[in-house]
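Down below is the structure, laid out as structure tokens.
Here, each number is a calculation from the coordinates, and none is a lab measurement. This structure is a prediction, so every number in the text was calculated from the model and none was measured. We place every Cβ from the backbone using ideal geometry, glycine too, and count neighbours over all the protein chains shown.
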Amino acid sequence: MSMFVESPWPATLLCIGSEVCLGMLFMRTGKALVVVMMGVVLAASAGLILMEQVIVTDTEQVEDTLHGVAESLAANDMPKVLAAFAPSCPGRQQVQSILPTVIVSSAAVGSDLEVRISKLTNPPQATTYFTGRIEAKSKRGTIPYEKMFRKFKVKLERRGDQWLIVDYTDAQIGSKNDF
């Protein structure tokens, strides 16, 4: 059932497949009951797609958190970036010291984002793996590259109604430390 709340594609593909089969059945039999069944399948599929839009799963919340951090980085909004980090996060100080020295023009979470949720811990935790892209210029000319592609492993923890970054590591793509 979780596949129906994570993406609209399962419901859409199920609807298309069912409608094609029922359409072929109608062409063969010509019975009005088949048209009624087609309407029921269409209504049920619309309900599943609506349900997918309304229900926000933990995985989607974690993805939204990471995309929000990337948007805040691109907007050079340091308070919003830091708000995504738990106060106890070891990398928070590093981020806090680097951000004032750069102007970020864009930041993005790659489409290879993988989220693993562990609800067995209290509070629930998530570990994510993805490729991140950041374009930034140093205010002092000390950063050798304007475009950086890195592999990230980010650990998050649910605190109240939000997910906060509790730890992260990054590695150069293709290095031995690549995850």
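Note on residue 159 and residue 127: the model spin-label points, each 7 Å out from Cα along the C-beta direction, lie 2.1 nm apart.
Would you mind checking which residues have amide H under 5 Å from residue 110's amide H? H placed 1.01 Å from N; only 5 or more apart, or other chain. Under 5 Å from the amide H of residue 110: 131, 132, 133. Under the simplified labelling scheme, the residue 139-residue 26 pair shows an inter-label distance of 6.4 nm, with each label point 7 Å from Cα along Cα→Cβ. Taking a span of 15 Å or more along the helix axis (Cα atoms) and a mean Kyte-Doolittle hydropathy of at least 1.0 as the rule, the DSSP H helices of the chain that qualify are 9-29, 32-54. Magnitude of the charge dipole for the chain, about its Cα centre and with charges confined to Cβ atoms of Lys, Arg (+1) and Asp, Glu (-1), is about 400 debye. Tell me the net charge near residue 81. Cut-off is 13 Å between Cβ atoms, residue 81 excluded, with +1 for each Lys or Arg and -1 for each Asp or Glu. It works out to a net charge of 0. Projecting the Cα atoms of 130, 94, 11 onto the charge dipole of the chain (Cβ charges, centred on the Cα centre) puts 94 farthest toward the positive pole. Over the chain, with a Gaussian network built from C-alpha contacts below 10 Å, which listed residue (78, 38, 27) shows the highest mean-square fluctuation? Comparing 78, 38, 27 in a Gaussian network model of the chain, the most mobile one is 27. Between residue 75 and residue 7, the FRET efficiency estimated from the beta carbon spacing at R0 = 45 angstrom works out to 0.95.
Full extension of the chain segment joining residue 93 with residue 105 gains 2.2 nm, where the gain is 0.36 nm per residue of separation less the Cα-Cα distance.
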